[in-house]
1. Among the residues of segment 143-182, count how many are in a loop (DSSP other than H, G, I, E, B) and without any contact (Cβ under 8 Å) to a residue 60 or more places away in the chain.
2. What tally of residues in segment 81-96 results from selecting those that are charged (D, E, K, R) and exposed (fewer than 14 other Cβ atoms within 10 Å of the Cβ)?
3. Report yes if some residue within segment 110-125 is basic (Lys, Arg), farther than 21 Å from Val189 by Cα and part of a strand (DSSP E or B); otherwise report no.
4. If I ask for residues that are within 24 Å of the chain's Cα centre (by Cα) and in a strand (DSSP E or B), which ones from segment 72-103 would you list?
5. Which of the residues spanning segment 162-191 are surrounded by 13 or more Cβ atoms within 10 Å (Cβ to Cβ) and at pLDDT below 95?
6. Which one is nearest to Ser203 (Cα to Cα), of the residues in segment 113-145 that are more than 32 Å from the chain's Cα centre (by Cα) and buried (at least 19 other Cβ atoms within 10 Å of the Cβ)?
7. Just checking, does segment 155-162 include any residue being touching a Gly at 6+ places or on another chain (Cβ under 8 Å) and not polar (S, T, N, Q)?
Amino acid sequence: MSQNPGAPYPPQNVPHQQWPQHQGWPEQPPKKKGMSTKLKVLLLVAALVVVGGGIGLVVVMKSVAGPEKQASKVEAGDCVQLTGAGKEADAVKAACDNPQTPYVVSVKGTVKGDCPEGFYSYSVATPLRGEGVGLCLGINAQVGLCFDDIKTKTPPPLVNCSGARLKISEVFDKASYVNSPCKEGTEEVISYSAYGATQKFKSATICFVKP
């Protein structure tokens, strides 16, 4: 068969057409690592434990200290009744004309202080609230109160007049150390002096007789 000179020969060594490569989506920046939910919960629980522990400590401290003593609220010139003993001792403000109120506060300080001569020393412990309260007490100048022994360092207890040794018969609103204003037959006399114009504790002379 004769060849057709007009028919072209198939191309030789023609490279295959290259398709452009598909480009992917642009890479996203890595996410910042924050606290996981579990870690947040743990931190919250820890914070609550710390706060709760602090509150618990305050509650425990108050429980150990006990209720605040009434003696910390009294002032010079207040009449008081004594309650409890030892660590439970306290001094409670009361009306001076109450027949169950035997003492009046002359000086208020700490338990380390000393009382002037003629006054009774009384200490009230205040656990975890300072050094305690120290009171210097005098006899409440009220006719009719009865005692056994008034020449003591500590407050003499109020007693029933039926078996008492001494009873207040008269009171005067000034101190008398030389010429007593008390009537004849008086068994004992106590005089208190107030110092300073603003002193709430008042001067007095108290006369005692046998009931």
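1. Of the residues in that region, 27 qualify.
2. Residues that pass the stated criteria total 2.
3. Step one: list which residues in segment 110-125 are basic (Lys, Arg), which gives 112.
From what's left, farther than 21 Å from Val189 by Cα: 112.
Subset that is part of a strand (DSSP E or B): none.
Looking for residues that are basic (Lys, Arg), farther than 21 Å from Val189 by Cα and part of a strand (DSSP E or B), one finds none in segment 110-125, hence no.
4. So the first thing to find is which residues in segment 72-103 are within 24 Å of the chain's Cα centre (by Cα), and the list is 72-94.
Hits for segment 72-103 are Cys79, Val80, Gln81, Leu82, Thr83, Asp90, Ala91, Val92, Lys93.
5. Taking segment 162-191 as the starting set, the residues that turn out to be surrounded by 13 or more Cβ atoms within 10 Å (Cβ to Cβ) are 164-172, 174-176, 180-182, 186-191.
Correct list: Lys174, Ala175, Ser176, Ser180.
6. Ala141
7. Looking for residues that are touching a Gly at 6+ places or on another chain (Cβ under 8 Å) and not polar (S, T, N, Q), one finds at least one in segment 155-162, hence yes.
Listed here are the residues, each with its yes/no results for (1) over 25 Å from Lys200 (Cβ atoms); (2) aromatic (Phe, Trp, Tyr); (3) modelled with pLDDT of 90 or more.
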residue	(1), (2), (3)
Gly56	yes, no, no
Val59	yes, no, no
Ala65	yes, no, no
Asp78	no, no, yes
Pro102	no, no, yes
Ser106	no, no, yes
Thr110	no, no, no
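The values are calculated or read from the model by the stated rules, or taken from the named source; none is laboratory data. Everything numeric in this text was worked out from a predicted model, so none of it was measured. For neighbour counting, all protein chains shown are included, and Cβ atoms are generated from backbone atoms with ideal geometry for every residue, glycine included.
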